Amino acid sequence: MAAELSTSINIKEPRWDQSTFVGRAKHFFTVTDPRNILLTNEQLAHAHKVITDYRKGEVSPGLTEDELWRAKYVFDSAFHPDTGEKMILIGRMSAQVPMNMTITGCMMTFYKTTPAVLLWQWINQSFNAIVNYTNRSGDAPLTVSQLGTAYVSATTGAVATALGLNALTKHISPLIGRFVPFAAVAAANCINIPLMRQRELKHGIPITDENDNRLGESTKAAQQAISQVVVSRILMASPGMAIPPFLMNHLEKKAFLRKFPWMSAPIQVGLVGFCLVFATPLCCALFPQKSSISVSRLEPELQEKIRANHPGVERVYFNKGL
């Protein structure tokens, strides 16, 4: 009879060492696995039960360590790390590759007319708004009014930026024109992410010590978290929006695409998808999700509070979001 699984495995942390890029990459290849969006509600509920029971010290009969880690990653793929609520399906990181490859491929195919730019940039920024809200840091709820204001501000600013950049394509070469969608996406990320997470910038995000004891909320930590997410999202989009333009510019001169011009969009979507399969987890891995900041860099009043109540703490930790 097999021995019962130990209850000492630390499933609060990822399976691989998060202090190294390789460890974080392994973690995010699992988190962003597109197959996770195909999981049924029953499979998610089973993973939720396995993890919830294990955290209470209860081990499901016959459970192996590999099955426990699989359940943890299924659980993490669908439930928010701070609130514990089930995340919106298309907002989960496992939906990033199929959603982004479709949207980005169409953005880069239909970039020559203003109506097409307007439509696809609006779709892209609406999707980004959902992702940014779903993967926010902290557990404080957003009101419908706050969420609506953030969404309208983020999408309007991002779409206006895209349209402004697209107007420049009339004065530049066709190849350079293909990179305008990427420039628009990069600029839009700098607008969309901070606006959708503006509550964190105003009120702060939860910070803890290394043992997960909550110490307060910090706007300085929120600034670091959001800036890291902006950088990783821009770099995440880079390969899929920088490599295909060169290939498509070459392919469109060939007889095949001249004969079958409708194949341009599927080919572009496929190229973007191939790039995103690798770019999504690798760029998520640039910074640890459980990020940290020195106490000396926090707000003065928060520094005083921590030093008075927790004199040995020199570094605090927070979920930066994705």
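Couple of notes before you dig in:
- The residues of the range 62-76 include none that are surrounded by fewer than 20 Cβ atoms within 10 Å (Cβ to Cβ), of a type in the set (Val, Ile, Thr) and under 25 Å from the mean Cα position of the chain (by Cα).
- Checklist (1) in contact (Cβ under 8 Å) with a residue 60 or more places away in the chain; (2) part of a helix (DSSP H, G or I) applied to Glu304, failing item: (1)
- Where Cys283 falls short, out of the listed (1) farther than 30 Å from Lys26 by Cβ; (2) free of Cβ contacts under 8 Å to residues at least 60 places away in the same chain; (3) in contact with a Ser or Thr (Cβ under 7 Å, 6 or more places away or on another chain): (1)
- Of the residues Phe287, Phe318, the single one that is in a loop (DSSP other than H, G, I, E, B), aromatic (Phe, Trp, Tyr) and open to solvent by less than 80 Å² (accessible area, probe 1.4 Å) is Phe287.
- Of all the numbered requirements in (1) among the acidic types (Asp, Glu); (2) within 22 Å of Tyr317 (Cβ to Cβ); (3) modelled with pLDDT of 80 or more, Asp33 misses one, and that requirement is (2).
- Cβ-Cβ under 7 Å pairs, at least 6 apart or on other chains, the range 219-246 side open to solvent by 30 Å² or more (accessible area, probe 1.4 Å), far side of a type in the set (Lys, Arg): Lys220/Arg297
- Filter result (more than 28 Å from Asn41 (Cα to Cα), in contact (Cβ under 8 Å) with a residue 40 or more places away in the chain, part of a helix (DSSP H, G or I) and open to solvent by 60 Å² or more (accessible area, probe 1.4 Å)) within the range 89-127: Thr114, Leu118
- Count of residues meeting criterion [touching a Lys or Arg at 6+ places or on another chain (Cβ under 6 Å) and over 17 Å from Asp212 (Cβ atoms)] in the range 3-24: 1
- Residue selected from the range 199-212 under the condition open to solvent by 70 Å² or more (accessible area, probe 1.4 Å) and free of Cβ contacts under 8 Å to residues at least 40 places away in the same chain, by the criterion farthest from Ser292 (Cα to Cα): Lys202
- Condition check for Pro81: within 21 Å of Tyr133 (Cα to Cα), modelled with pLDDT under 90, open to solvent by 80 Å² or more (accessible area, probe 1.4 Å) and not assigned by the TED database to the domain that holds Ser291: yes
The values are calculated or read from the model by the stated rules, or taken from the named source; none is laboratory data. In this text, all values refer to a predicted model and were calculated from it rather than measured experimentally. Quick reminder, even Gly has a Cβ in these numbers, built from the backbone with ideal geometry, and neighbours come from all protein chains shown. All accessible areas refer to the heavy atoms of the entire protein, side chains included, with ligands and DNA or RNA removed. Shrake-Rupley method; radii C 1.70, N 1.55, O 1.52, S 1.80 Å.
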